1. Sort through ASP121, ASP164, ASP63 and tell me the only one that's loosely packed, with under 14 Cβ neighbours inside 10 Å and modelled with pLDDT of 95 or more.
2. State whether the residues of region 378-393 include one that is in a helix (DSSP H, G or I), closer than 26 Å to ALA183 by Cβ, touching a residue at least 60 places away in the same chain (Cβ under 8 Å) and not hydroxyl-bearing (Ser, Thr, Tyr).
3. Restricting attention to region 409-451, report how many residues are surrounded by fewer than 22 Cβ atoms within 10 Å (Cβ to Cβ), of a type in the set (Gly, Ala, Ser) and not in a loop (DSSP other than H, G, I, E, B).
4. Could you list, in sequence order, the residues of region 167-189 that are aliphatic (A, V, I, L, M) and either modelled with pLDDT of 95 or more or over 21 Å from TYR132 (Cα atoms) (or both)?
5. Of all residues in region 65-83, which are in contact (Cβ under 8 Å) with a residue 60 or more places away in the chain and part of a helix (DSSP H, G or I)?
6. When you look at THR481, is it touching a residue at least 12 places away in the same chain (Cβ under 8 Å), closer than 30 Å to MET201 by Cβ and surrounded by fewer than 20 Cβ atoms within 10 Å (Cβ to Cβ), yes or no?
Amino acid sequence: MSFVGWFVADVLALASVSPETATALYPLTWWSHAVLALAFVAWVPYAKPFHMLASFANVVTADEDAGTRLPRVPEDLGPEEIGATDLDSFSWKQLLDQDACTKCGRCSSVCPAKASGRPLDPRDVILDLKSYREAVDAGGETVEIVADGGAASATSGTSSDSSDGRISVIDSSTMDSCMSCMACMDACPVDIEHLTHFTDMNRRLTETGQMDDGVEEAMMNAFQHGNTFGDPERKRPDWTEELDFEVPDAREEAVEYLWYVGDYPSYDDRNQEVAKALATLFERAGVSYGILYEGEQTDGNDVRRVGEEGLYEMLVEDNAAAIADCEYDHIVTTDPHSYNTFKNEYPDFSACEWDAEDVSHYTQVLAELVDRGDLSPRGLDGTVTYHDPCHLGRYNGVFEPPRELVESTGVELVEMPRNRSDSFCCGGGGGGLWLDHEEDTKPSEERLREATEDTAAGNAVDRFVVACPMCVTMYEDGRKTGGYEDDVEVVELTEMLVEATD
């Protein structure tokens with residue numbers, strides 16, 4: 001029995017419609033309903049309800065490794081075709097991303113670049129690209145996707161000419177602002193892959209020579225010297241000379257752990273203390289380890305994210321070749337950025353002979369050493385909070401090993417209000433270390449304010465613990481510029497463990 005039909009019959013009876021009249025009207029009402037239904041289906045792709053279908057499709061087709069593993073540039077593309085050149089350069093998934101956006105603004109609310117006053121709103125970038133595509137489809141003028149002097153917001157109609165006559169949808173300063181922290185992607189309810197769009201636009205800026213001076217200098221240093229500091233390669237292992245033991249050379253002897261030290265622990269004075277601390281911990285644990293000495297080059301994680309794909313691929317080949325000449329069981333990295341690219345991106349290249357499971361961050365290795373009793377931290381005093389580095393936490397889901405190490409020292413660990421996958425970026429990723437931005441408040445300053453004011457312990461927090469050399473650099477700077485030098489100490493986890501195992 002049809003309850004709806006019964007109800008309609010009662011309504012028609014009350015309206016004094018006879019069965020004969022109802023029967024005569026039935027074909028008209030049936031066809032009217034059919035035409036309206038088909039018209040609605042045809043209308044959906046051109047109306048707001050379309051995002052409901054696109055959002056579902058976007059979630060179903062989402063790449064779980066998007067952002068952590070960037071797509072390679074096809075080998076058959078010429079320089080004029082690399083990156084976001086025009087609408088045809090967008091992949092079907094990128095177009096679907098644009099259609100799927102619900103304008104909810106969750107990505108904007110967690111973006112550290114937007115919070116600090118930089119000219120980036122991840123939602124607006126996606127919507128601007130969609131608006132431009134729709135305008136072109138409607139017969140509008142075609143312009144460059146991204147250029148120096150382009151629009152801050154195409155949807156607001158503020159396109160402007162650059163110094164050389166370019167007009168674009170997105171301005172280069174917008175892309176320079178991105179920290180590649182992936183907070184926008186993590187917050188998006190429909191799995192929009194913002195970082196793939198941003199990387200393609202950065203690649204276009206690189207190919208057209210529209211790179212920030214600071215980034216350009218870092219790229220030239222990496223090309224000429226194998227590090228972003230521009231220092232001679234022979235000085236890379238100089239930090240080992242200050243130790244009272246010899247750090248093994250993995251090129252000359254077989255080791256269990258091949259330790260990739262990285263640029264900042266090798267060349268930066270502050271972070272050399274991190275390298276020395278980790279070497280000391282390996283020695284105290286009695287493990288078999290070694291480094292590449294001057295055979296190591298910068299890992300290229302952030303080189304790739306600022307758009308220098310060609311240089312990145314060269315670095316992959318050089319580092320992979322140096323590691324291939326060594327006999328080792330496992331690769332361990334100091335820097336989460338190195339960990340991410342060694343684990344998720346290098347294996348995409350034929351030059352690489354290891355798999356993702358062959359790579360660990362030092363926190364994972366040290367946590368194992370503590371678990372099996374090779375390291376025995378003793379009780380330290382004080383209250384600390386721990387900052388999750390983006391490339392370790394949000395990128396790769398490594399949350400517990402660092403916390404286990406912190407707690408093993410005996411200190412009281414209080415969590416930041418924004419922690420684990422919700423952590424707030426230090427501002428150094430995506431080339432941020434090589435850029436100077438005009439900001440309302442630096443991300444590092446905001447994070448230190450949060451540590452000293454918003455944790456459960458409030459101003460009782462005396463140490464701000466990090467597990468990333470880049471974070472050390474950014475927070476030491478934020479501690480000075482934000483006026484926190486007397487409030488909290490920035491400590492790398494290795495340094496605290498050395499103190500606890502002495």
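1. Answer to the selection: ASP63.
2. no
3. Total satisfying the criteria: 1.
4. Selection gives VAL169, ILE170, MET175, MET179, MET182, ALA183, MET185, ALA187.
5. PRO79, GLU80
6. Yes, satisfied.
The rows are residues; the columns are (1) surrounded by 15 or more Cβ atoms within 10 Å (Cβ to Cβ); (2) outside any helix (DSSP H, G or I).
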residue	(1), (2)
PHE7	no, no
GLU20	no, no
HIS33	no, no
ALA39	no, no
THR85	yes, yes
LEU96	yes, no
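One line per residue, one yes/no per condition, for (1) over 21 Å from the mean Cα position of the chain (by Cα); (2) farther than 15 Å from CYS471 by Cβ; (3) among the acidic types (Asp, Glu):
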residue: PRO377; (1), (2), (3): yes, yes, no
residue: LEU380; (1), (2), (3): yes, yes, no
residue: VAL398; (1), (2), (3): no, no, no
residue: PRO402; (1), (2), (3): no, no, no
residue: VAL406; (1), (2), (3): yes, no, no
residue: VAL411; (1), (2), (3): yes, yes, no
residue: CYS425; (1), (2), (3): no, no, no
residue: GLY432; (1), (2), (3): no, no, no
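The values are calculated or read from the model by the stated rules, or taken from the named source; none is laboratory data. From a predicted model like this one, the values you see are computed outputs, not experimental measurements. Because the Cβ atoms are built from the backbone with ideal geometry, glycine has one as well, and the counts that use them run over all protein chains shown.
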